[in-house]
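Quick notes on the structure that follows.
The values are calculated or read from the model by the stated rules, or taken from the named source; none is laboratory data. What you see is a predicted model, and the numbers here were worked out from it, not measured in a lab. With ideal geometry, Cβ positions are generated from the backbone for all residues, glycine too; neighbour counts draw on all protein chains shown. Note: accessible area is taken over every heavy atom of the protein model, side chains too, but ligands, DNA and RNA are not part of it. Shrake-Rupley method; radii C 1.70, N 1.55, O 1.52, S 1.80 Å.
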Amino acid sequence: YDGRRFIENKNFKLDSNMLTLYKDIKEVIDNYPHNITLSNLISFLCMPCLCYQYKYPQTASIRKKYVFWYLFQFLLCLFIYILISVQETIPIIINSFKYIDNKEYPNLFERILKLSIPNVYSWIILFYAFFHCWMNLLAELTRFADRTFYKDWWNSLYLDEYWRKWNIPTHYWMMRHIYNPLRRRKFSKVFCVGVTFFVSGVVHEYVISGGLGYFSVWAFLCMFLNFPVSLIQVYLRESPKFSWCKN
């Protein structure tokens with residue numbers, strides 16, 4: 001909409017927050033692209049977000065006690081993760097090599113089940129360390145005011161709800177640069193969601209294959225297969241024939 005018309009209209013009054021927002025947007029538009037500088041790019045790289053903006057909501061000051069508190073929690077989580085890996089994860093993996101060499105699949109399956117428990121603990125600890133401690137630490141240092149890095153994904157009943165909640169910065173990036181542009185070009189919701197999961201699967205495969213130095217399609221498949229499963233869940237949720245699924 002044209003913000004000037006709202007300001008010039010005597011029957012419409014902007015509050016102070018809306019007026020400040022309008023002035024900030026007008027300043028960005030009028031000064032573009034000269035307002036995109038190297039310091040602006042470096043500031044964006046330090047922000048705990050993936051979507052670029054010229055200006056972000058910021059707090060008044062850096063709270064030092066929170067900086068040290070988040071740093072302490074982050075280091076403590078790393079220590080606990082290393083402790084679990086050394087005491088539980090690595091010994092189980094080493095003991096499973098003989099079952100792989102001898103093709104003793106029942107014993108190997110038992111090792112995998114035993115490995116699942118420390119893996120769950122490690123995943124939760126690393127999630128808390130990164131999405132809560134590290135992201136809030138960066139937010140304090142950069143005075144980044146938006147602290148919603150995740151939502152209550154543990155209460156999710158369906159996959160689509162889970163993927164919208166567990167990683168908010170990545171979700172916003174996917175919506176802004178993949179899903180919404182496709183929707184504006186009149187593609188269907190199913191197609192847009194499928195492309196979004198496809199891109200996410202490619203990124204997961206690239207990160208995992210690059211980190212391990214071994215290319216496979218398992219990371220991509222595990223990510224992309226969430227798409228058909230979520231479609232089935234949506235169908236069961238919305239179909240009157242399966243109303244019992246809603247409960």
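Taking 7 Å steps out from each Cα toward its Cβ at Tyr235 and Phe68 produces label points 5.8 nm apart. Which of Lys114/Lys165; Lys55/Lys151; Lys55/Lys165; Lys114/Lys189; Lys114/Lys151 have a Cα-Cα distance over 31 Å? As for pairs spanning more than 31 Å Cα to Cα, those are Lys114/Lys189.
Think of each Lys and Arg Cβ as +1 and each Asp and Glu Cβ as -1; about the Cα centre, that makes the dipole of the stretch 144-242 roughly 460 debye.
Dipole magnitude for the chain: computed about the Cα centre from +1 point charges on Lys and Arg Cβ and -1 point charges on Asp and Glu Cβ, it is near 800 debye. Charge tally for Trp153 (other residues, Cβ to Cβ under 13 Å; Lys, Arg +1; Asp, Glu -1): 0.
Only the Cβ atoms of Lys and Arg (+1) and of Asp and Glu (-1) were treated as charged; on that basis the dipole of the stretch 96-141 about its Cα centre amounts to roughly 180 debye. Near Arg63, once Lys and Arg are set to +1 and Asp and Glu to -1 for all other residues with Cβ below 13 Å from its Cβ, the sum equals +3. Once the Cα atoms are used to define both axes, helix 64-84 deviates from the longest principal axis of the chain by about 20 degrees. At a temperature of 20 °C and a viscosity of 1.002 mPa s, determine how fast the chain diffuses translationally according to Stokes-Einstein, using the Kirkwood radius over alpha-carbon pairs as Rh; express D in µm²/s, rounded to the nearest whole number. Using the Kirkwood radius from Cα pairs, D works out to 95 µm²/s.
With respect to the chain, whose longest principal axis is taken over its alpha-carbon atoms, helix 105-127 is tilted by about 30°.
Looking at the chain, the accessible area is 72 square angstrom per residue; that uses a 1.4 Å probe and ignores ligands, DNA and RNA.
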